[in-house]
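Accompanying notes for the structure given below.
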Amino acid sequence: MKVALKTKAYAAQAPRAELTPFEIVRREPGPNEILIDIRYCGVCHSDVHQVKDEWNNGIFPMVPGHEITGIVTEIGDKVSKFRKGDKVGVGCIVDSCRTCGSCGEGLEQFCKNGFVGTYNGLGKDGIPTYGGYSTQIVVDENFVLRIPDALPLDGAAPLLCAGITTYSPLKHWNAGPGKNIAVVGMGGLGHMAVKIAHAMGANVTVLSQSLKKKADGERMGASGYYATSDPETFQKLANTFDLIINTISAPFDADQYLSLVRRDGTMVLVGAPPEALKTQAFSLIFKRRSFAGSLIGGIPETQEMLDFCAKHGLTADIETIPIKDINQAYERMLQGDVRYRFVIDIASLKQ
Ligand code: NAP
Ligand code: ZN
Ligand code: ZN
């Protein structure tokens, strides 16, 4: 196979550095691997945490990006699931041990031996992985997703992380008709949680810092929308929700939100603030509440989510940007100025 493996990318050279042009070299696709021409890459708040090294595990230079969509351009001899020209996606995981119990169940995100992240990971060859802020990527076919024809590549890109990260806990905790679900934080993850929970038939309420995005939330399927800046919100909604999907990216008062969970209900953290959260025992023991977490989703469930979104006509609400605007996009995301996901048009990196 003769392919040009020199690849244009954007990288942070050191923690907290701005992203700047960088050239990487992708490996020659192996027999089971696929070369993907990247068309779009979503910008996840995790990219911001990681570039700032807020989780203290950064490998630099870092090429972020784990909401990738594109077209298959080359396939290895043994590839059976994909052909050249197929519309495909890559999410947060590009490899795992494939032998542990979790991998056997399709829960690669909980691989006992550690999954290989799409970026800021170490491949089995010991080489750091580089993500989707780049023009092409080589991935084993078992970690590549099929993008259904009904979904456009730009609006589908954020499904690869924001979509699966909210679909998975909604499904695990049985979101559906008769269930009262609150989504905390109307950002990239939050707006997908609203759309997916509504499509699952649940009754959805948004808790946002203000009412600025109320009309959007209602359009996406929320029947209730409250500002957490209003102290009355917490009194009004006490003991209401079967499930809270909490997407807040910064430290917050967990007890305050737990008070909104009804008896035997659950608050699930999907947001990943770097700082520790404090919780009063009484927030949990009264009302037998659960405080849980959830991490992205495995490969089979990611495919299931994509098919679900195609069936229900769901994509992310996006603002497409050229790669040169990425640093400004990070700043805007930190200020909550995004409706509701930035997506990089990778054509801007190919020029
Ligand atoms: P995002 O688009 O920035 O959305 C986060 C939302 O949280 C904001 O829109 C804002 O909602 C709310 N928020 C932010 N700061 C807040 C504060 N101080 N107090 C109250 N609310 C606040 O980010 P995202 O891409 O959705 O990611 C959210 C978090 O999930 C990040 O920490 C990210 O790393 C994490 N994440 C986790 C997983 C996982 O597998 N568990 C996967 C992907 C991302 P309002 O404007 O509505 O108030
Ligand atoms: Zn993400
Ligand atoms: Zn495993």
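The values are calculated or read from the model by the stated rules, or taken from the named source; none is laboratory data. Quick caveat: nothing in here was measured; it's all calculated off a predicted structure. Cβ placement follows ideal geometry from the backbone for every residue including glycine, while neighbour counts extend to all protein chains displayed. Side chains are part of the model used for accessible areas, which takes the heavy atoms of the whole protein and leaves out ligands, DNA and RNA. Shrake-Rupley method; radii C 1.70, N 1.55, O 1.52, S 1.80 Å.
Restricting SER96, SER134, SER168 to those that are among the small types (Gly, Ala, Ser), crowded, with 20+ Cβ neighbours inside 10 Å and not assigned by TED's automatic domain parsing to the domain that holds ILE59 reduces the list to SER168. Among the residues of the stretch 49-67, the ones that are in contact with a Ser or Thr (Cβ under 8 Å, 6 or more places away or on another chain) and among the hydrophobic types (A, V, I, L, M, F, W, C) come to 1 in all.
Selection of first residues in the stretch 164-187 that are over 20 Å from ALA316 (Cα atoms) and of second residues that are among the aromatic types (Phe, Trp, Tyr), restricted to Cβ pairs under 7 Å at least 6 apart or on distinct chains, gives the following pairs, ordered by first then second residue: ASN180/PHE241. Candidates in the stretch 100-120 are the residues that are surrounded by fewer than 16 Cβ atoms within 10 Å (Cβ to Cβ) and under 20 Å from ILE59 (Cβ atoms); of these, the one that is nearest to ligand 1 (Cβ to nearest atom) is GLY114. A search for C-beta distances below 7 Å between a residue of the stretch 254-277 that is farther than 20 Å from VAL204 by Cα and modelled with pLDDT under 95 and any residue that is open to solvent by 40 Å² or more (accessible area, probe 1.4 Å) and charged (D, E, K, R), counting only pairs 6+ apart in sequence or on different chains, returns PRO274/GLU54. Restricting attention to the stretch 77-93, the residues that are buried (at least 19 other Cβ atoms within 10 Å of the Cβ) and either within 11 Å of GLU33 (Cα to Cα) or within 16 Å of ligand 2 (Cβ to nearest atom) (or both) add up to 6. Taking the criterion of being more than 16 Å from ligand 1 (Cβ to nearest atom) and assigned to a loop (DSSP other than H, G, I, E, B), the residues of the stretch 17-53 that qualify are ALA17, GLU18, ARG26, ARG27, GLU28, PRO29, GLY30, PRO31, ASN32. Residues that are within 16 Å of ligand 1 (Cβ to nearest atom) and over 27 Å from ARG219 (Cα atoms): list the strands (runs of 3 or more DSSP E) wholly contained in the stretch 248-351 that include at least 1 such residues. Counting at least 1 such residues, we get 290-293.
Counting only strands (runs of 3 or more DSSP E) that sit completely within the stretch 66-162, those holding 1 or more residues that are away from ligand 3 (no atom under 16 Å from the Cβ), of a type in the set (A, V, I, L, M) and over 30 Å from ALA14 (Cβ atoms) correspond to 68-75, 87-90.
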